[in-house]
Amino acid sequence: MGGDGAGRDRVRRTARGAAARRRAVGHRVVTHRTLDGADLGHLRPHGRLGAADVTDRHPFALDGDLPRGLTALEASAGTGKTFALSSLAARFVAERGVPAAGLCIVSFTEAATAELRSRVRGRLTEVHTHLARCLATDHVAVTGDALLDVVAATDPDGLAARRRHVNEALAEFDAATITTIHGFCRRVLAGSGTAAGDLDITDGASDLAEAVADLLIARFGHDRECPIAPGRLEQAVRLRLAMPDAAMWRLPAHVKAPTKGQREHHRYCDPTADLVDEICAEVQSRRLARRRRTFDGLLAETRSLLAGPEGGAVIAALRQRTQVILIDEFQDTDTIQWDIFRRAFVETGPPGSSPAPAVVLVGDPKQSIYRFRSAELSAYLAAVAAADEVATLPVNWRSDGPLLTALETLFGGFEFGDPAVAFHPVSAAAHHRERAIDGAGTESLTLRWVPPGPDGQLVTDDAHQQIRRDVVATVRELLDDAAAGLVTLPIDDDDERADHHADQPRRQLRPSDIAILTRSNSQASTLTRMLGEAGIAAASASNESVLESEAARQWRHLLAALEQPGSAGRVRAAALGWSLGISANELASLDERGLDRLHDRFRTWSSELSIGGLPRLIALVRAAGLHEHVLSRVGGERHLTDFDHITELLLTITGGRPTTATTLLGHLAALDLGVVDPGPNGGGKQDVMASDVLARRIDRDDEAVQVLTIHKAKGLEFGVVLCPWLWTAAGSNGPPHAHLDGVRQIQTTWITRADDGAWNRAVKEASRGELSGENRRLLYVALTRARHRCYVWWPQVTTARQKGGVLGELLAHAVGHSDPPATAADMASVAERSEGAFAVHVAPHRAHGGWRPTTADADHQLPDLEVAAAQRRLEPWWKIWSFSAISSAATPYAAPAHPHGPMVGGTDEPSADAIAPDATTPDADAPATLPGVLRSVIGGTAFGTMVHEVLERVDFASVDLADELRAEVDRRMLARRFRVDPAVLVQGLLDAIEAPLGGPLGDLRLRDVQRSDRLDELQFDLPLGRLRADRIGGVLSEHLDADDPLRPWAERAATEGFEIDVEGMLTGSIDLVLRRTTDDPSIQRYVVADYKTNQLGRDSAYAAPDLVAAMEHHHYPLQAALYLVALHRYLRWRLPGYRPEQHLGGAAYLFVRGMDPARSVADARGVCWWTPSPDAVRALDELLAGGGG
């Protein structure tokens, strides 16, 4: 380490100086209209970045100095970026003492986020174990793991301090922000207190189509011919909304169209650009009015917040909390995402804010392949150009050395759409330098040359057919050789860091070791079918929506018949489908009695659906032979996977409750529009893309060849990879767009179908160049998925239009010519340079036959199978606990526990037949002096849930509060009728919102609480140590004052009724957290508030004695205690300088039936306050964390 420190310092000084010079000069202000009004003056003119524009790269050393400032870490395929990221996070924690709450790690998919969370926790655990061992043995052993060795390179006091840092981070690991970019933006918006943090997420397709139709009708609907293609206009608007910084291309003032036809089209150019901007503004306005948001809108709103008047305070809060930012997959970013991180963490912060944290951007520009999702390589290059340091990961941990040699032979000096994005060789890890696969030829990369036929011709269609057959034959030969013991892999081949030495045990190649990568979903489907016909198990996954599958069509037929079981056409269509599997001949032969029985069956199913919900319907359909009917068909596994996928989606939405066919058809239609509803327990929103939820899944998990698109394969690796269609060219169906003169421009004349003139081709040509660059990067992604062996097909197509796409460009580059090689012999020089790692084989014309897997390796017999026996005692008390689960041990009529997720508001209240013993049936003629217009309303869990949902959704401070309440009530009563007049319910809730809260909040009303000062449905999942539940009452008894009204409950809970052992996780959801500024403006207090709709009896005045009795009877003090501990931990993690004496304000239970706005603060009704001391909360926190008793 010490030997190269001076050199590394020089590199940093040089890099930082270059970055400073770039920030001082070379920035050109670009002015154009953006959708969110963002200032784009920071953008560099794009052009083509030359070597002088890019900071010099150097190899990144994991045991070197920790990054400071902005660091760009370029990680080529297989170089272990996730390992590097998790190791960096562990080093920041151990060496710099960064707490878990100070870590912010962002990725771009839920799956990547989950992996990062697991990896970071795992590396922290390894560091903790290693440091503990060093301290215990008083000896620092060299492990060979750069992370462990560098964190242990300190004195004994340093070892103890670093172990303490890691221990604290592991204890509070859930406080770390490890999320997607959309999750990060949701947190920023929610933390700022904007109402926007509560909007539903959709893909916005329905809003967009509606706005396009409305404005076209308004503009051209009155005897005017529409010169605009509506479909193209909709695509342009969608792209413009996804790229709010883009501008519609407009006609230059000096241009005159040379032909009459061009003049006719071009006179609509600027008006069409204006129309696109107008529709975009209209779509955004409608979404805001309807409280909807898209994922693109989420990013734009976050940037606008950071750039707006409140941005300084938001940025200061982010920097106060965050010390390290690690951003994964940054090559998939766009200008908005880079703007967000640049403003928040890179640029000079507002006065008085904390220094900028260390920011590490990790990505590989050679794998930037999501241009169709609005990713912009130009944004990545701008971020790299602003970096203080640019480093690369130099070692490939995935692929064998010979395969890397073959790839370097082909790719050396190859560019991927920009001179700044070029191929850089990487070295193989020490244990991967030799070829790890035995058999399957001697080379690692094979080019299979498909020659012309005897007539010297090979047209494109014939090339596709020949390649499909050769792929199947190649897979069959590999598996046949493997069954004969001729193709083997190391037994731990899936572990990329395992040492693959020569005498290591080996296993035969399996079907699941093989992947076939395609350019399109249709190619994947065709190959999967052909492999199945050849007897080779194959599983496919694609980005196609499951709602476009045959299974979706079958579901719609079935539901249509259930919706109208008397309709002969609908019933016949469903009967011919998978549910009954009746053939056309059988259906035609049915007599009148048989047809009646058929209709009766669908009537029965429809009735059962309305009684027992979707689970009951599925049970009936399966009993009728669904699985047999589907699996008897070719591709049955695929069909059944899709059918079960749709079933799962509908079950998630309905929660298994009684429903109707009409409702289910409506849910399918909503899913088709991209409206993803996570269901009754999902909180109403999810940070997932609708396309991810609906993407078709792998259809089998046994030993099967994997067939998937290149996009789907990104981030994955396989032992053997086959790439049949890299020679095909991929185009774009949407409007051309490109980065020109510092601005991304969208070609407007594509909408009007105008003829191209020389002046009109700039965007189109630049777009074609960007698309070609992305195709080159797709080629790189495909060829770097293999660990040991890769096959590529190249047909010698003789049609004039077929140039071989980017694979032809790569082969031409490899042989040093401008055109692709004409014969297989032309590639001889490439094979020679690779020293045997690359070879060309001419693919023969051959028919494909079948293949059957062997039951075991050639020289190994599988052992007899037996049921595994548990080797440890399964403790019955270790589970997910909640307030209801604990209280039900002492309260026979308490609400049932919800072990699989936190309760939402309302479900912890007694049902209508489980009222307190002293309660009586409400009487509409009760004395007028008693509070509440809701006294006569029948209650219960469902009613309580509805009230909670309404109160969660409305803005208490809205000037239209009554209208908002009525809208929310009406919406919920459409789905389920309650025996209550909506006007009465609205008035009752309005009274509760207008009533004084009393207690520590004095005359404050819910009406006075702004959105920015409330947090609804704060869900928590906390680790729960082993303890007896009665210890909770004991701890409270020890700390509550003698005159505390709830002390008697605590004393009883400590001695009777709660003698149960609990351990595991504690889950729950706090209805409302209120924030109130104290007399000292620098101090804010936070209060737990819980809505209750309990009926306390006919004569109850909802005064303090009645409320205390209800609290005791339903064990609400237990709930309040658990919620206060949850809020205590939340504030301890999130609020700098948190002290419960100053910030924790107690709990308020709002019995909404009794809250009366006419009462004074001194005589407030319906609100039960409980403010246990901070010592009591601390003691409970320790008890729940560590167990005891």
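Condition test on residue 398, is it outside the structural domain of residue 787 (by TED's automatic domain parsing), in a loop (DSSP other than H, G, I, E, B) and either of a type in the set (A, V, I, L, M, F, W, C) or touching a residue at least 24 places away in the same chain (Cβ under 8 Å) (or both)? Answer is yes for this residue.
Within the set 1074, 1107, the sole residue that is of a type outside the set (Val, Ile, Thr), within 29 Å of residue 953 (Cβ to Cβ) and buried (at least 23 other Cβ atoms within 10 Å of the Cβ) turns out to be 1107. The test for being farther than 30 Å from residue 838 by Cα, touching a Pro at 6+ places or on another chain (Cβ under 8 Å) and not assigned by TED's automatic domain parsing to the domain that holds residue 788 does not hold for residue 362.
Scanning segment 428-439 for residues that are out of contact with any Pro (no Cβ under 6 Å at 6 or more places or on another chain) and small (Gly, Ala, Ser), we see that the one that is surrounded by the fewest Cβ atoms within 10 Å (Cβ to Cβ) is 430. Taken across segment 393-402, residues that are in contact with a strand residue (DSSP E or B) (Cβ under 7 Å, 6 or more places away or on another chain), closer than 30 Å to residue 796 by Cβ and at pLDDT 90 or above do occur, with at least one present. Counting only residues that are more than 20 Å from the chain's Cα centre (by Cα) and modelled with pLDDT under 80, segment 165-218 holds 6 of them. For segment 1150-1189, what are the residues that are free of Cβ contacts under 8 Å to residues at least 60 places away in the same chain and in contact with a strand residue (DSSP E or B) (Cβ under 6 Å, 6 or more places away or on another chain)? Result: 1151, single match. Residues of segment 379-389 that are in a helix (DSSP H, G or I) and touching a Leu at 6+ places or on another chain (Cβ under 9 Å): 380, 381, 382, 383, 384, 385.
Table: residues versus (1) within 20 Å of residue 178 (Cα to Cα); (2) touching a helix residue (DSSP H, G or I) at 6+ places or on another chain (Cβ under 7 Å); (3) part of a helix (DSSP H, G or I); (4) modelled with pLDDT under 95.
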| site | (1), (2), (3), (4) |
| --- | --- |
| 300 | no, yes, yes, yes |
| 305 | no, yes, yes, yes |
| 309 | no, no, no, yes |
| 320 | yes, no, yes, yes |
| 337 | yes, yes, yes, yes |
| 348 | no, no, no, yes |
| 354 | no, yes, no, yes |
| 361 | yes, yes, no, no |
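Anything in segment 247-298 that is modelled with pLDDT of 90 or more and not in a helix (DSSP H, G or I)? List them, or say none. Within segment 247-298, 247, 248 qualify. Scanning segment 335-356 for residues that are within 14 Å of residue 68 (Cα to Cα) and in contact (Cβ under 8 Å) with a residue 60 or more places away in the chain returns 346, 356.
I'd like the residue in segment 596-615 that is among the hydrophobic types (A, V, I, L, M, F, W, C) and either touching a strand residue (DSSP E or B) at 6+ places or on another chain (Cβ under 9 Å) or under 13 Å from residue 572 (Cα atoms) (or both) and, out of all such residues, is surrounded by the most Cβ atoms within 10 Å (Cβ to Cβ).
First, the residues of segment 596-615 that are among the hydrophobic types (A, V, I, L, M, F, W, C): 598, 602, 605, 609, 611, 614.
Cutting the leftovers down to either touching a strand residue (DSSP E or B) at 6+ places or on another chain (Cβ under 9 Å) or under 13 Å from residue 572 (Cα atoms) (or both) gives us 598, 602.
On the way: 598: 21, 602: 24.
Here the answer is 602.
Does segment 1011-1022 contain at least one residue that is in a loop (DSSP other than H, G, I, E, B), out of contact with any Ser or Thr (no Cβ under 6 Å at 6 or more places or on another chain) and not hydroxyl-bearing (Ser, Thr, Tyr)? No: zero hits. Summed over segment 408-440, the residues that are under 35 Å from the mean Cα position of the chain (by Cα) and in a loop (DSSP other than H, G, I, E, B) give a count of 8. The residues listed here are 1004, 990; of these, the one that is touching a residue at least 24 places away in the same chain (Cβ under 8 Å) and in contact with a helix residue (DSSP H, G or I) (Cβ under 8 Å, 6 or more places away or on another chain) is 990. Do we find a residue being at pLDDT 95 or above, buried (at least 19 other Cβ atoms within 10 Å of the Cβ) and hydrophobic (A, V, I, L, M, F, W, C) anywhere in segment 737-748? No; the residues of segment 737-748 include none that is at pLDDT 95 or above, buried (at least 19 other Cβ atoms within 10 Å of the Cβ) and hydrophobic (A, V, I, L, M, F, W, C).
If I filter segment 58-71 for residues that are in a strand (DSSP E or B) and either within 26 Å of residue 184 (Cβ to Cβ) or among the small types (Gly, Ala, Ser) (or both), do I get at least one hit? Reasoning before the result, please.
To start, the set of residues in segment 58-71 that are in a strand (DSSP E or B) comprises 58-59, 70-71.
Within this subset, residues satisfying the condition of being either within 26 Å of residue 184 (Cβ to Cβ) or among the small types (Gly, Ala, Ser) (or both) are 70-71.
Taking every residue of segment 58-71 in turn, at least one turns out to be in a strand (DSSP E or B) and either within 26 Å of residue 184 (Cβ to Cβ) or among the small types (Gly, Ala, Ser) (or both).
Figure legend. Inter-residue proximity from segment 812-828: first residues small (Gly, Ala, Ser), second residues modelled with pLDDT under 85, beta-carbon distance below 9 Å, spacing 6+ or different chains. Indicated pairs: 812/804; 812/818.
Of all the listed residues (88, 103), the sole one being at pLDDT 95 or above and touching a Ser or Thr at 6+ places or on another chain (Cβ under 7 Å) is 103.
On the given criteria, is residue 1075 assigned to a strand (DSSP E or B) and in the same structural domain as residue 999 (by TED's automatic domain parsing)? Full working, then the answer.
On the way: assigned to a strand (DSSP E or B): yes; in the same structural domain as residue 999 (by TED's automatic domain parsing): yes.
So residue 1075 passes the test.
When residue 789 is tested against (1) modelled with pLDDT of 90 or more; (2) in contact with a strand residue (DSSP E or B) (Cβ under 7 Å, 6 or more places away or on another chain); (3) surrounded by fewer than 24 Cβ atoms within 10 Å (Cβ to Cβ); (4) closer than 29 Å to residue 452 by Cα, just one condition goes unmet, and that condition is (3). The listed residues are 141, 132, 136, 169, and the only one of them that is part of a loop (DSSP other than H, G, I, E, B) and either surrounded by 12 or more Cβ atoms within 10 Å (Cβ to Cβ) or not charged (D, E, K, R) (or both) turns out to be 141.
What about residue 341, is it under 30 Å from the mean Cα position of the chain (by Cα), among the aromatic types (Phe, Trp, Tyr) and not in a helix (DSSP H, G or I)? No, not satisfied.
Does residue 1007 satisfy being over 35 Å from the mean Cα position of the chain (by Cα), closer than 18 Å to residue 1095 by Cα, surrounded by fewer than 19 Cβ atoms within 10 Å (Cβ to Cβ) and assigned by TED's automatic domain parsing to the domain that holds residue 1170? Taking the combined requirement at face value, the residue does not satisfy it. Tell me, which residue of segment 573-595 that is closer than 20 Å to residue 607 by Cβ and more than 38 Å from the chain's Cα centre (by Cα) is surrounded by the most Cβ atoms within 10 Å (Cβ to Cβ)? Restricting to residues being closer than 20 Å to residue 607 by Cβ and more than 38 Å from the chain's Cα centre (by Cα), the top hit is 575.
Is it the case that some residue within segment 958-971 is surrounded by fewer than 21 Cβ atoms within 10 Å (Cβ to Cβ), farther than 24 Å from residue 938 by Cα, modelled with pLDDT of 90 or more and in contact with a strand residue (DSSP E or B) (Cβ under 8 Å, 6 or more places away or on another chain)? No - not one qualifying residue is present in segment 958-971.
The values are calculated or read from the model by the stated rules, or taken from the named source; none is laboratory data. Since the model is a prediction, treat every value here as computed from it, not as a measurement. Every residue, glycine as well, gets a Cβ built from its backbone with ideal geometry; the counts of neighbours run over all protein chains shown.
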